[in-house]
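Chemist: Can you keep this structure in mind? I'll have questions shortly.
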Amino acid sequence: MGTSKGERTPLGDPVAFVGGLVEVGARTWAWIQPNGGLGESNAGLVVGDGEALLVDTLWDERLTAAMLGEMEPVTSAADAPIGQLFNTHGDGDHWYGNGLLPAAAPITASEPAIAQMRAEPPSILTRMAPVASAAGLLGRVPMIPGGARMRGLGGFNDLLSNYEFKGIHPRVPGRSFTDTAELDVGGRRVELTYVGPAHTVGDSIAWLPDARICFAGDILFNRVMPIMWAGPVGNWIAALDLIKSREPQVVIGGHGPVGGLSDIAAIRDYWVWLRERVLEAGSDPDPLELAERLIRSPDFEPWREWDGVERTLVNVARIAATEAGGSSEIGTAERIKLISGMGALGERLAGA
Ligand SMILES: [Zn+2]
């Protein structure tokens, strides 16, 4: 499974922290996939009386089936099978496994997340297989995060080959909400709040008041560099403040190990710092130049060890665009430019 020490992650790297099914509170579990890189996403399990809720599925059915297999003894012992699913947002690594849930299980997500899901089914990725066509198709896959080892579009394709997207038809959520919603999971209240557009257009979080646990989706990349495809960044910062205001005991992000308030503070500091640097750089900064200069500056120290620092290029570009009043929806040409820009920046950073 690539979840304990000495094993390998889905991308084939040595495991850097303990993963698998982690009990994070009363009748609440996180599914953690080291090392939190491209497609190495987390999920959650909330067990109520006679029923359980799954928070997110994984990027393919093989990974999702392995996770459900590990969860089965827990739900069996509690006599609480998974009867509901909540998808935190519309990126494939959080919902492409939806097809493995029983057809009767309702799936909930925010309205913008559902719109993204409809626009980006797995078939987009299977059609990407030939490198030659990657450039054109990548433009239609706006929300895929960059990887630490991503070196241009070819490198990106190599990373994708670790997953199996062929022939899967995940179920799109049938229950939507726009602002807030509440789920009753066998007597346990789960509060859903839409906090986007930030990482994507559809980000929302789940809060368990009885256990003081937050499932933050990709609002928390924990000790992994976040990537902002939508923005504005003020929404992301506000979402982190909302999580903090609830005084959670545990926060589970969409990527990286189980976290808490100090991890929320670290990613918040990054966004506040980066927004200031982008604003002081003037109206139309060159994202590659600015991102490289910022990553090399001593101020970058708190986040230097996070995987995927080259994502800062996308973050710089999206902050500049959205602070200037630009749309949260990113255009095709811009996406391609940013993805190859990350490759170029990765090469520059590796070079010297
Ligand atoms: Zn993700």
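The values are calculated or read from the model by the stated rules, or taken from the named source; none is laboratory data. Quick caveat: nothing in here was measured; it's all calculated off a predicted structure. Note: accessible area is taken over every heavy atom of the protein model, side chains too, but ligands, DNA and RNA are not part of it. Shrake-Rupley method; radii C 1.70, N 1.55, O 1.52, S 1.80 Å.
Chemist: Relative contact order of the chain: what whole-number percent is it, with Cα pairs under 8 angstrom and at least 6 residues apart? Walk me through the intermediate numbers first.
Modeler: On the way: 774 pairs, mean separation 58.4, N = 352.
Rounded, it is 17 percent for the chain.
Chemist: Next question, about the same structure. Tally the DSSP beta bridges in the chain and give the antiparallel ones as a percent, rounded to 5. The partial results should precede the final answer.
Modeler: Values: 28 of 43 bridges.
Antiparallel: roughly 65 percent of the beta bridges in the chain.
Chemist: Please report, as a whole percent, how much of the solvent-accessible surface of the range 256-328 comes from carbon and sulfur atoms (probe radius 1.4 Å). Could you put the intermediate results ahead of the total?
Modeler: Values: 1550 of 3210 Å².
With neighbouring chains kept in place, the figure for the range 256-328 is 48 percent.
Chemist: With an 8 Å cut-off on Cα pairs and a minimum separation of 6 or more residues, tell me the relative contact order of the range 222-302 in percent. Present the calculation step by step, with values, prior to reporting the outcome.
Modeler: On the way: 43 pairs, mean separation 22.8, N = 81.
Relative contact order, the range 222-302: 28 percent.
Chemist: On to the next question. Apply the a/c threshold of 1.5 to the C-alpha gyration tensor of the range 150-276 and tell me whether it is rounded, prolate or oblate. Let's see the in-between values first.
Modeler: Working: a/c = 1.76, a/b = 1.19, b/c = 1.49.
It comes out oblate by the Cα gyration axes.
Chemist: Now for a different question. Just to confirm, what accessible area per residue do you get for the chain at 1.4 Å probe, in whole Å²? Numbers along the way, then the final one.
Modeler: Values: 13010 Å² over 352 residues.
With all protein chains present, the chain gives 37 Å² per residue.
Chemist: A further question on this structure: Over the chain, what portion of Cα pair distances is larger than 38 Å, expressed as a whole percent?
Modeler: Working: 6238 of 61776 pairs.
Of all Cα-Cα distances in the chain, 10 percent exceed 38 Å.
Chemist: If you find the alpha carbon centre of the range 38-90 and of the range 308-352, how far apart are they in angstrom?
Modeler: 33 Å
Chemist: If you split all Cα-Cα distances of the range 1-101 into 10 Å bins from zero, what percentages do you get per bin, shortest first?
Modeler: 17, 50, 29, 4
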